[in-house]
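I have placed the structure first, in the form of structure tokens, so that the comments after it can refer back to it.
No value in this document is a laboratory result; all are computed from the given coordinates. Fair warning: this is a prediction, and the values are worked out from it, not measured in the lab. When we count neighbours, we look across all protein chains shown, and the Cβ atoms used for this are built from the backbone with ideal geometry, even at glycine.
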Amino acid sequence: MIAEQLQQVEERIRRACQRCGRNPEEVTLIAVSKTKPVEMLLEAYQEGCRCFGENKVQEITAKYDQLPEDISWHMIGHLQRNKIKYIIDKVAMIHSVDSLRLAEAIEHEAAKRELTIPVLAEVNVAEEESKFGLKVPEVLPFLEAVAKFPHIKVQGLMTIAPYVENAEENRSVFRQLKQLQVDIAQRNIDNIHMDILSMGMTGDYEVAIEEGATMVRVGTGIFGARQYAI
């Protein structure tokens, strides 16, 4: 099942790229494996998946040693400052940096380990009260402050668009994030890079790709519905 669904997702990525004249190699598929057992991740790994996204620190730490070393782990969920130390040396990227206090804490932990951590600034483009993230006008001042941190490398922006039945409803959200990326890149801020746009999930990743996503985070489309412990 996972092999088939993964192939379908990859084919849809190819088609979305074709529609907007992009090279599919520009888009990284992150398999969102939250709540999924190691066996399912191994199935995806055997089909070529190397990037996995987790929402919780404890899931990364639990799965990290049970899976091959060449996996790139992406922290895509809200990160509490007191838990940074558990994943700072395990993740390839933190997508969900949504406050200066969190960035300061990441800088502190990274400095202790002599690491440089790639991060994305999480932007709550739609300003949903239920979601974390910086509001669009807050992003530039945030980045100007974070640019001074030697152990953090800002690689771009991330957003979680609203849940919608029709993916087209999120096109404006993705377009806004793309425009913000362009505006910030033009400022040439030292230590701030705008190479990555992490946006689009199972229900809307094709639209996100058409609007410039370079990373899409797909869970249900690969692994099926989420399983939660009762």
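Sum -39500 (n - 2.57) across every DSSP H segment of at least 4 residues in the chain, then divide by the residue count to get the 222 nm mean residue ellipticity, nearest 500. Please list the in-between numbers first.
Values: 9 runs with 89 residues, N = 230.
Only helices count here, giving -11500 deg cm²/dmol.
Over all directions, what mean area does the Cα convex hull of the stretch 2-221 project, stated in square nanometres?
11.6
Here is the list for the stretch 176-230: trypsin sites (Lys or Arg not before Pro) lying in DSSP coil, each with at most 13 other C-beta atoms within 10 angstrom of its C-beta, are Arg187, Arg226.
Taking a ≥ b ≥ c as the square roots of the eigenvalues of the Cα gyration tensor of the stretch 75-132, is the shape rounded (a/c under 1.5), prolate (a/b larger than b/c) or oblate? Since a/c reaches 1.5 and a/b is larger than b/c, the shape of the stretch 75-132 is classed as prolate. Give the separation of the Cα centroids, the stretch 177-192 to the stretch 108-136, in Å. First find each Cα centre; the distance between them is then 16 Å.
Label positions at Glu114 and Leu42, each projected 7 Å from the Cα along the C-beta direction, are separated by 3.6 nm.
Between the DSSP loop rule and a limit of at most 16 other Cβ atoms within 10 Å, which GluC sites (Glu not before Pro) in the stretch 187-223 are left?
none
Count charges around Ser72 for me, please; just the other residues with Cβ under 12 Å from its Cβ, Lys/Arg as +1, Asp/Glu as -1. Intermediate results must be reported in sequence, preceding the final value.
Details: positive: Arg50, Lys90; negative: Glu54, Glu69, Asp70.
Cβ neighbours under 12 Å give a net charge of -1.
Here each label is just a point 7 Å from Cα along the line to Cβ, and for Ser72 and Ala147 those points are 2.5 nm apart. Where in the chain is the longest stretch that carries no chymotrypsin sites (Phe, Trp or Tyr not before Pro) classed as loop by DSSP and with at most 14 other Cβ atoms within 10 Å? Within the chain, the longest run free of exposed chymotrypsin sites (Phe, Trp or Tyr not before Pro) spans 1-162. Placing one identical point scatterer on every Cα of the stretch 36-131 and ignoring solvent, what is log10 I(q)/I(0) from the Debye formula at q = 0.13 Å⁻¹? The calculated log intensity ratios at q = 0.13 Å⁻¹ are -0.47.
Computed extension length for Glu11-Thr61: 14.9 nm, one decimal, from 0.36 nm per residue of separation with the Cα-Cα distance subtracted.
Averaging sequence separations of C-alpha pairs under 8 Å and six or more residues apart, then dividing by the length of the stretch 1-136, give the relative contact order as a whole percent.
16
For Tyr205, neighbours were defined as the other residues whose beta-carbon sits under 9 Å from its Cβ, and their charges (Lys and Arg +1, Asp and Glu -1) total 0.
Ordering Val136, Pro150, Thr202 by the projection of their Cα atoms onto the charge dipole of the stretch 80-230, which places +1 on the Cβ of Lys and Arg and -1 on the Cβ of Asp and Glu, puts Pro150 at the extreme positive end. Report, in listed order, any pair from Lys34/Lys90; Lys56/Lys148; Lys56/Lys83 with a Cα-Cα distance greater than 18 Å. Pairs exceeding the cut-off: Lys56/Lys148.
The orientation-averaged projection of the convex hull spanning the C-alpha atoms of the stretch 111-230 amounts to 9.4 square nanometres.
What relative contact order, as a whole-number percentage, does the chain give when Cα pairs under 8 Å and 6 or more residues apart are counted?
Details: 430 pairs, mean separation 48.8, N = 230.
It comes to 21 percent, rounded to a whole number.
Using DSSP to call loops (not H, G, I, E or B), can you name the trypsin sites (Lys or Arg not before Pro) in the stretch 132-165 whose Cβ has at most 15 other Cβ atoms within 10 angstrom? Walk me through the numbers before you get to the answer.
Numbers: sites: Lys135, Lys148, Lys153; in loops: Lys135, Lys148.
Those satisfying the criteria are Lys135, Lys148.
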